[in-house]
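Written below as structure tokens is the structure these notes are about.
FYI, it's all coordinate maths here, none of it is from the lab. Worth saying up front: this structure is predicted, and the values here are computed from it rather than measured. Here the Cβ is made from the backbone with ideal geometry for all residues, glycine too, and neighbour counts use every protein chain on show.
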Amino acid sequence: MLPQEFERVSVDLANKLPTIPQSVSAVVVAVAADSYTEEAYYLAYIAGLTNVLDALERDQITPEKVLLISSTTVYGNTTGHVDENTIASPNSFSGRITLEAEALLHARYADRSTNSIVLRLAGIYGPGRTRLIDAITNQTAVIPDSARLTNRIHRDDAAAAAVHLLAVPVPSALYLGVDENPADLGEVLRFLAHEMAYDEPPIGSVPIARGGNKHCSNGLLKASGFRFKFPSYVEGYRSLLAGIGVRHP
């Protein structure tokens, strides 16, 4: 049974953590590097995660589940259909370190009663995450001159998916967190321009970003019973453009 409220405590995951309450039965590790550097990623994903796991052992806490928020960046520029059985092949330090953090988590709880779970998210957007909207507003958006399949998930669905997986009796070790509608980037940009009453962005050459050109499957997440509040970019971005939701501190 998950609590209706959570008590927040501000800590520095790069250093020794304070005493963890004995009532803790589930842990979600959702970190972010403060800059796109190898050092920052290591401090967040490896040092930060290690300090959390060490603190749990120090305080003799054996949680039922520990869930790590990861990223589909671990697939590098893999193309085509991607699911939990697709071999990760990172082509950047961020993907490599993120994949290393996943392995660290699973190794720590191998052959133990704690379920270690990884949730790989793609293209998180929502309050405070408005990259495509900003590109339309600043008129810097460019529609790729060839099809570019993209995957995304609204921030609220990402958070809800993490909480949902903590309540699954026997969770899998890995899930992909993407919405119901992997979509061509040009399609999304045209939609946003129309919704915001801007001219359609120009077509041009656009380098393949870390997301690559893939169709990520949410089949396993849905099979666990999860249902999306924002099943596609249409509902999600319309909510965002309407000013619904706030960026959390």
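Would you point out the residue of segment 42-100, among those that are touching a strand residue (DSSP E or B) at 6+ places or on another chain (Cβ under 8 Å) and acidic (Asp, Glu), that is farthest from Leu121 (Cα to Cα)?
Glu64
Scanning for something among the hydroxyl-bearing types (Ser, Thr, Tyr), more than 16 Å from the chain's Cα centre (by Cα) and crowded, with 18+ Cβ neighbours inside 10 Å, does segment 62-81 turn up at least one residue? Quick ask: steps written out before the conclusion?
The first filter runs over segment 62-81 and keeps only residues among the hydroxyl-bearing types (Ser, Thr, Tyr), leaving 62, 70-73, 75, 78-79.
If we keep only those that are more than 16 Å from the chain's Cα centre (by Cα) as well, we get 62, 78-79.
Among the residues that remain, those that are also crowded, with 18+ Cβ neighbours inside 10 Å are: 78.
Yes, segment 62-81 contains at least one residue that is among the hydroxyl-bearing types (Ser, Thr, Tyr), more than 16 Å from the chain's Cα centre (by Cα) and crowded, with 18+ Cβ neighbours inside 10 Å.
Which one is nearest to Leu119 (Cα to Cα) among residues in segment 2-55 that are of a type in the set (Ser, Thr, Tyr), in contact (Cβ under 8 Å) with a residue 12 or more places away in the chain and in a loop (DSSP other than H, G, I, E, B)? If you could, list the steps in order and put the result at the bottom.
Going residue by residue through segment 2-55, those that are of a type in the set (Ser, Thr, Tyr) are 10, 19, 23, 25, 35-37, 41-42, 45, 50.
When the remaining residues are screened for being in contact (Cβ under 8 Å) with a residue 12 or more places away in the chain, the result is 19, 25, 36, 41-42, 45, 50.
Filter again for in a loop (DSSP other than H, G, I, E, B), leaving 19, 25, 36.
Values: Thr19: 26, Ser25: 18, Tyr36: 21 Å.
So the residue we want is Ser25.
For segment 132-151, give me each residue that is among the acidic types (Asp, Glu) and not in a helix (DSSP H, G or I). It would help to see each step written out before you state the result.
Going through segment 132-151, the residues among the acidic types (Asp, Glu) turn out to be 134, 145.
Asp145, the sole residue that qualifies.
Can you tell me which residue within segment 109-152, out of those that are hydrophobic (A, V, I, L, M, F, W, C) and exposed (fewer than 13 other Cβ atoms within 10 Å of the Cβ), is farthest from Ser205 (Cα to Cα)? Walk me through it before giving the result.
Residues of segment 109-152 hydrophobic (A, V, I, L, M, F, W, C): 110, 117-119, 121-122, 124, 132-133, 135-136, 141-143, 147, 149.
From the residues that got through so far, the ones that are exposed (fewer than 13 other Cβ atoms within 10 Å of the Cβ) too are 110, 147.
On the way: Ala110: 46, Ala147: 11 Å.
Applying the filter and picking the extreme gives Ala110.
Whether any residue in segment 194-206 is among the charged types (D, E, K, R), closer than 20 Å to Ile133 by Cα and either assigned to a loop (DSSP other than H, G, I, E, B) or within 17 Å of the chain's Cα centre (by Cα) (or both) is what I want to check.
So in segment 194-206, the residues among the charged types (D, E, K, R) come out as 195, 199-200.
Subset that is closer than 20 Å to Ile133 by Cα: 195, 199-200.
Still in the list and also either assigned to a loop (DSSP other than H, G, I, E, B) or within 17 Å of the chain's Cα centre (by Cα) (or both): 199-200.
Yes, segment 194-206 contains at least one residue that is among the charged types (D, E, K, R), closer than 20 Å to Ile133 by Cα and either assigned to a loop (DSSP other than H, G, I, E, B) or within 17 Å of the chain's Cα centre (by Cα) (or both).
Among the numbered criteria (1) hydrophobic (A, V, I, L, M, F, W, C); (2) in a loop (DSSP other than H, G, I, E, B); (3) crowded, with 20+ Cβ neighbours inside 10 Å, which single criterion is violated by Leu105?
Condition (2) is where Leu105 drops out.
Select from segment 152-179 the residues that are in a strand (DSSP E or B) and over 18 Å from Glu235 (Cβ atoms) and list them in ascending order.
Within segment 152-179, the first condition is being in a strand (DSSP E or B), and the residues that meet it are 153-154, 174-177.
Within segment 152-179, Leu174, Tyr175, Leu176 meet the criteria.
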